[in-house]
Amino acid sequence: MKVHVYRMSGVIGLSIGYCGILLSIILSPWFSLRENALSDLGHATSSNVAALFNITLVLTGFILYNYSVRYLVNRYRFSGYLLAITSFFLILVGVFDEVYGGIHWFVSLCFFMLLGATSIVYSVEAHNFLGITAFIIGLSSWAILWSKVFKIGAAVPELVSIIAVSIWIIYECIK
């Protein structure tokens with residue numbers, strides 16, 4: 001019974017994260033995918049939804065950390081440990097919001113880099129293409145932002161990266 005609960009906690013954690021992000025966006029008419037980063041929603045002094053957004057990140061990170069160390073590590077050791085570290089950095093993104101300047105930038109950068117690394121390691125350990133596909137999709141979305149081919153804010157590659165990685169996490173939870 002416990003294994004099933006821990007396995008499904010990945011889906012629960014992701015669901016809480018998506019609901020919190022979506023609700024934060026809905027409650028913030030000033031937010032734009034063309035101009036903002038998701039972290040703008042968590043800016044303690046300028047966002048009307050900062051508490052909701054940051055608590056969502058912390059809670060999601062905590063649940064995904066538990067999913068990683070209580071379930072995934074038993075299936076794919078290195079992927080589980082890396083996802084646990086990645087989840088810890090998600091918690092730090094919520095704790096050190098944009099008000100913290102460079103610290104926030106650093107923990108956000110670490111989070112997204114670890115997300116990509118975890119996806120690659122997962123593909124190797126699980127012998128499937130889901131993780132590497134998530135990495136390629138995420139990296140491509142960041143390349144579009146950096147190339148300035150389209151006018152998009154950092155929120156777009158952030159969301160694309162998170163959604164792409166969520167696919168292999170959900171796959172592991174329900175298979």
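What follows is calculated from the coordinates using simple rules that are stated; it is not laboratory data. Only a predicted model underlies this, so the values are computations on that prediction, with no experimental measurement involved. Here Cβ is always computed from backbone atoms with ideal geometry, including for glycine, and neighbour counts include all displayed protein chains.
Name the trypsin sites (Lys or Arg not before Pro) in the range 21-107 that are in a loop by DSSP and that have at most 12 other C-beta atoms within 10 Å, would you?
Values: sites: Arg34, Arg70, Arg75, Arg77; in loops: Arg34.
The qualifying sites are Arg34.
Set Lys and Arg Cβ to +1 and Asp and Glu Cβ to -1, take the dipole of the range 2-174 about its Cα centre, and tell me which of Leu38, Ile21, Val165 lies farthest positive.
Val165
Mind listing P(r) for the range 92-162? All alpha-carbon pairs, 5 Å bins, whole percents.
3, 17, 20, 21, 19, 13, 5, 1, 0
Which chymotrypsin sites (Phe, Trp or Tyr not before Pro) in the range 108-175 pass both tests, a DSSP loop state and at most 13 other beta-carbon atoms within 10 Å? All intermediate terms of the calculation are to be shown ahead of the outcome.
Details: sites: Phe111, Phe112, Tyr122, Phe129, Phe135, Trp142, Trp146, Phe150, Trp168, Tyr171; in loops: Phe129, Phe150.
Filter output for the range 108-175: Phe129, Phe150.
With charges set only on the Cβ (+1 for Lys and Arg, -1 for Asp and Glu), what does the dipole of the chain come to about its Cα centre, in debye to the nearest 20? Write out the running numbers ahead of the final one.
Numbers: 9 positive and 7 negative charges, 99 e Å.
With Lys and Arg at +1 and Asp and Glu at -1, about 480 debye.
Do me a favour and compute the ellipsoid semi-axes for the range 29-175 from its Cα gyration tensor, root of five times each eigenvalue, largest one first, whole Å.
On the way: eigenvalues 135, 70, 28 Å².
Largest first, the range 29-175 gives 26, 19, 12 Å.
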